[in-house]
Amino acid sequence: MTNLPRLLICAPSSNSGKTTLTIALLAAFKKSGLAPCAFKCGPDYIDPMFHRMVLGISGRNLDLFFTKPDIVNGLFAEGAKSADIAILEGAMGYYDGIAMSDEASSFKMAEATQTPAVLVIRPEGSALSAAALVKGFLGFREPNLIKAVVLNGCSKAMAGRYAEAIESECHVRVYGFLPNLPEAKIESRHLGLVTPDDVTSLIEKVELLACEAQKTIDIDGLLELAKSAPQLEGRLPKISAITENTCIAVAMDQAFCFYYDENLRLIEKLGGKILPFSPLSDGSLPKNAAALYIGGGYPELHAKALSENSDIKTAILAAVKSGMPTIAECGGFMYLGKNLEDDKGVLWSMVGALDFDAFRRKALRRFGYIGMTAQKDNLLCKAGETINAHEFHYWDTTQNGSDFAARKPKSNKSWQCCIATESLYAGFPHLYFCSNPKVAENFVKAAASYKEKNNLV
């Protein structure tokens with residue numbers, strides 16, 4: 001249960017400035033002496049990395065496809081402990097959910113968490129039509145939780161004129177604007193924004209956004225709006241430790257950085273001990289590692305360095321062959337193959353634990369939410385059990401596996417995916433453990449068994 005002040009940042013579509021405004025507000029609230037926290041609505045990994053960079057704390061995800069509203073609210077309350085205000089960054093357009101529905105949309109998240117929504121619009125190229133756009137969003141669904149508008153990418157003079165028209169026509173308050181700030185622009189790449197480590201002068205850009213927000217946005221007014229959010233009740237899955245200090249080696253560097261914070265926290269609640277390592281620079285796995293978790297990221301951008309680090313490749317190959325419990329998602333999956341094509345078309349040797357090559361496609365592959373059903377007993381679940389997951393990748397492989405059946409929600413589209421054994425899960429789908437905590441439990445149990453079998457400390 002929590003009554004934490006909170007706002008949800010939404011927009012008519014992607015590329016409207018949600019992330020920019022979110023970063024600006026988080027940094028501005030922090031500069032004003034508050035302790036903000038942040039959440040990303042949906043399955044995105046990169047935006048929470050920017051939230052972490054701004055706040056210096058873990059970034060969280062909230063997702064209504066992965067978990068039910070009461071679990072979402074429980075995860076929110078857990079992630080918001082010790083904070084003064086929470087910012088929830090929406091995904092895509094405000095009403096955009098699964099297929100052409102509003103299911104699992106930012107609108108549904110605002111409704112589930114009873115959070116006032118702030119609509120950020122980029123009015124460039126319009127005049128009174130900007131008010132028509134806002135009015136359409138206010139009345140499209142009930143309940144109307146859009147309680148504020150912020151303008152993005154316009155001058156002070158035009159912001160005043162837009163605000164007058166929107167407030168007169170739509171009866172919703174405009175809390176200010178962010179001007180065009182080319183010097184604060186954050187670059188993009190094929191999976192969305194670049195990661196924080198790749199942004200030149202990022203700290204300076206964040207500072208600029210914060211200073212501008214303090215000058216051009218009514219920060220105190222937004223804080224008061226956030227305080228209008230009612231008390232929220234939720235719950236979390238009942239989790240008990242099943243082992244103690246069982247070491248889980250987790251690949252964490254510029255090549256492998258896509259992890260749900262909730263996944264790592266659940267592993268720790270079960271008694272796992274997270275030991276980060278770098279396939280880019282380390283020569284061995286962490287001492288006493290009893291399981292291996294290699295998440296997604298951008299291995300294709302670091303293929304040469306990954307290929308040339310033969311010591312860690314040899315160590316990982318030996319670990320997988322020994323039966324060490326291993327999860328390899330998307331980029332991690334490609335890394336376990338024989339060869340990986342980089343972004344320039346050059347093929348580089350990888351770990352070689354799985355018999356395939358990974359290569360670039362011209363278009364996005366199998367994008368979106370999926371439900372997966374196990375076709376046989378494996379490391380994570382029994383045959384017939386299900387896991388919700390998400391895919392987003394331009395690369396593909398010559399052998400994606402057939403040990404799970406994937407199906408898109410609200411669609412008849414389905415396919416086979418993943419390579420799964422008693423000790424391995426490897427495939428393109430990213431897993432969200434809180435959607436089925438038994439998956440994490442089975443992984444940690446297998447790690448504890450491996451630890452005992454191999455007399456690890």
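The values are calculated or read from the model by the stated rules, or taken from the named source; none is laboratory data. Note that the coordinates shown come from a computational prediction; the quantities given were computed from them, not determined experimentally. Quick reminder, even Gly has a Cβ in these numbers, built from the backbone with ideal geometry, and neighbours come from all protein chains shown.
Side notes on the structure shown:
- Taken as a whole, the condition of being surrounded by 21 or more Cβ atoms within 10 Å (Cβ to Cβ), assigned to a strand (DSSP E or B) and hydrophobic (A, V, I, L, M, F, W, C) applies to ALA406.
- Looking only at the range 49-77, residues that are surrounded by fewer than 21 Cβ atoms within 10 Å (Cβ to Cβ), in contact with a Ser or Thr (Cβ under 9 Å, 6 or more places away or on another chain) and of a type outside the set (A, V, I, L, M, F, W, C) come to 2 in all.
- Among the residues examined, PHE367 qualifies as in contact with a strand residue (DSSP E or B) (Cβ under 8 Å, 6 or more places away or on another chain), exposed (fewer than 15 other Cβ atoms within 10 Å of the Cβ) and not in a loop (DSSP other than H, G, I, E, B).
- Verdict on CYS381 being at positive phi and either in contact with a His (Cβ under 7 Å, 6 or more places away or on another chain) or among the hydrophobic types (A, V, I, L, M, F, W, C) (or both): no
- When the strands (runs of 3 or more DSSP E) confined to the range 20-122 are screened for residues that are modelled with pLDDT of 95 or more and of a type in the set (Phe, Trp, Tyr), those reaching at least 1 such residues are found at 36-41.
- Looking across the range 242-266 at every residue that is under 18 Å from SER449 (Cβ atoms) and touching a Leu at 6+ places or on another chain (Cβ under 6 Å), the one that is surrounded by the most Cβ atoms within 10 Å (Cβ to Cβ) is identified as ALA249.
- Qualifying residue in the range 354-364 (condition: under 23 Å from ASN412 (Cα atoms) and either surrounded by fewer than 18 Cβ atoms within 10 Å (Cβ to Cβ) or not assigned by TED's automatic domain parsing to the domain that holds ALA448 (or both)): yes
- In the range 377-403, the qualifying residues are those that are within 15 Å of ASN436 (Cα to Cα) and of a type in the set (D, E, K, R), and the one that is farthest from the chain's Cα centre (by Cα) is LYS382.
Matching residues to (1) crowded, with 18+ Cβ neighbours inside 10 Å; (2) over 30 Å from SER435 (Cβ atoms):
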site	(1), (2)
GLU268	no, no
ASP282	no, yes
LEU292	yes, no
SER307	yes, yes
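- If the condition is being of a type in the set (Val, Ile, Thr) and either outside any strand (DSSP E or B) or in contact with a His (Cβ under 9 Å, 6 or more places away or on another chain) (or both), then the range 384-403 contributes only THR398.
- Test: residue in the range 227-247 that is touching a Phe, Trp or Tyr at 6+ places or on another chain (Cβ under 8 Å) and not assigned by TED's automatic domain parsing to the domain that holds ALA447: yes
- Among all residues of the range 338-350, there is none that is surrounded by fewer than 24 Cβ atoms within 10 Å (Cβ to Cβ), under 22 Å from ILE274 (Cβ atoms), out of contact with any Lys or Arg (no Cβ under 7 Å at 6 or more places or on another chain) and of a type outside the set (Asp, Glu).
- Qualifying positions in the range 331-361 - over 20 Å from LEU285 (Cα atoms), out of contact with any Ser or Thr (no Cβ under 8 Å at 6 or more places or on another chain) and in contact (Cβ under 8 Å) with a residue 24 or more places away in the chain: GLU341, ASP342, ASP343, VAL346, ASP355, ARG360, ARG361
- Where PHE277 falls short, out of the listed (1) touching a Pro at 6+ places or on another chain (Cβ under 7 Å); (2) over 20 Å from VAL320 (Cα atoms); (3) not acidic (Asp, Glu): (2)
- The range 250-297, residues that are out of contact with any Lys or Arg (no Cβ under 7 Å at 6 or more places or on another chain), among the charged types (D, E, K, R) and closer than 24 Å to ILE239 by Cα: ARG265, GLU268, LYS269, LYS273
- Looking only at the range 133-164, and only at residues there that are hydrophobic (A, V, I, L, M, F, W, C) and loosely packed, with under 14 Cβ neighbours inside 10 Å, the one that is farthest from GLU212 (Cα to Cα): PHE140
- Looking across SER101, SER155, SER126, SER106, one residue alone is without any contact (Cβ under 8 Å) to a residue 12 or more places away in the chain and either among the hydroxyl-bearing types (Ser, Thr, Tyr) or within 22 Å of PHE76 (Cα to Cα) (or both). It is SER126.
- Scan of the range 409-434 for residues that are of a type in the set (A, V, I, L, M, F, W, C), touching a Leu at 6+ places or on another chain (Cβ under 9 Å) and outside any strand (DSSP E or B), ordered by number: PHE433, CYS434
- Filtering ALA80, ALA112 for residues that are in contact with a Ser or Thr (Cβ under 9 Å, 6 or more places away or on another chain), surrounded by fewer than 24 Cβ atoms within 10 Å (Cβ to Cβ), not aromatic (Phe, Trp, Tyr) and not assigned by TED's automatic domain parsing to the domain that holds TYR260 leaves a single hit, ALA80.
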